[in-house]
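Colleague: Mind having a look at this structure? Questions to follow.
The values are calculated or read from the model by the stated rules, or taken from the named source; none is laboratory data. Everything numeric here is computed off the predicted structure, so don't read it as measured data. A quick note on method: Cβ atoms are made from the backbone with ideal geometry, for glycine too, and the neighbour counts reach across all protein chains shown. With ligands, DNA and RNA removed, areas are computed over all heavy atoms of the protein, side chains included. Shrake-Rupley method; radii C 1.70, N 1.55, O 1.52, S 1.80 Å.
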Amino acid sequence: TGSRLVVDGTQAPTPVTVVSTEQMQLAAPRTMTEALLQLPVFAGSVSVANQSTGTTSSNGAAHLNLRGLGTNRTLTLLNGRRIVSSTRFGGTDINIFPEAMLKSVETVTGGASAAYGTDAIAGVVNFILDTKFTGLRGHAQGGITGKSDNRNGEVSMSGGFALGERTHVLLSAEAYSQDGVFTLNDRDWYE
C-alpha cells in the first residue's frame, strides 16, 4: 500500500490516505474503529456502536466497508499481509488487531484491485504495527454521558523487547466495555 515508498501518502502513484495514531487520538474516540469510521471513505462500515441485528454482522465485530461497496470487497492487511475473513460473509474483524501497538493506518481506494486482486475492488486498508517498539506502555480511559448511562472503559498494556539479535517480541492485551443507552425517554431530542 505504499508503506515502503512514502510516509504521508502525497507522493504515491495511487491515492494513499495515511492516518497516524496521533491523528486518530485527536478525534477522542472510544476505540480505534470509531476514529476510522469518522473518515468519509468508511461510511457504512459496521462497528460495535452502530451494529445492526441482521444476519450479515457478527456480535461485537467491526468490519470496514470502503465506499459502501461491502466488507467482502475491502481487503484488510496487517503489516502488508492478508488477514483471513472472520465471518462467513467476508470481511476482517479489525477489533482483533492490537490497538495499543498500532503505528498508522493506510488506505488505498483508487485502482487497488489491479495490484491486489479482486478482493480489493473497493480498496485496501493496511494496519501498520510499531514492530520496533521497546519497553512498556499502558493506557486507561473511561467515560459516561450526562444522563449517567452509556458507561465505557478501556484498559491496555503493551510491551516489546529484543530476544537475541534477530527477534523482536511484541505483547499486547486490551479490554473494552460499554454499557449502552437503554432508554431514550429522558432525552430532550427524543421528546
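Colleague: Tell me which residues, restricted to the stretch 147-168, are exposed (fewer than 10 other Cβ atoms within 10 Å of the Cβ) and either at pLDDT 85 or above or closer than 20 Å to G135 by Cα (or both).
Modeller: Hits for the stretch 147-168 are L163, G164, E165, R166, T167.
Colleague: I would also like to ask the following. Which of the numbered conditions does G138 fail, given that it passes all the others? Conditions: (1) open to solvent by 80 Å² or more (accessible area, probe 1.4 Å); (2) touching a residue at least 12 places away in the same chain (Cβ under 8 Å).
Modeller: Checking G138 against (1) open to solvent by 80 Å² or more (accessible area, probe 1.4 Å); (2) touching a residue at least 12 places away in the same chain (Cβ under 8 Å), the one that fails is (1).
For (1) under 23 Å from T118 (Cβ atoms); (2) open to solvent by less than 50 Å² (accessible area, probe 1.4 Å); (3) modelled with pLDDT of 75 or more, each residue gets a yes or a no:
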position: P13; (1), (2), (3): yes, no, no
position: T31; (1), (2), (3): no, yes, no
position: V46; (1), (2), (3): yes, yes, no
position: R82; (1), (2), (3): yes, no, yes
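Colleague: Any residue in the stretch 143-159 that's within 11 Å of E174 (Cβ to Cβ): show its pairings with residues that are in a loop (DSSP other than H, G, I, E, B) at Cβ separation under 8 Å, as long as the two are six or more apart or on different chains.
Modeller: Filtered contacts from the stretch 143-159: E154/R30; E154/T31; S158/P98; S158/F133.
Colleague: What number of residues within the stretch 116-135 are touching a residue at least 40 places away in the same chain (Cβ under 8 Å) and of a type in the set (S, T, N, Q)?
Modeller: Qualifying residue count for the region: 2.
Colleague: Name the residues in the stretch 70-115 that are in contact with a Gly (Cβ under 9 Å, 6 or more places away or on another chain), free of Cβ contacts under 8 Å to residues at least 40 places away in the same chain and in a strand (DSSP E or B), would you?
Modeller: Within the stretch 70-115, just D93 meets the criteria.
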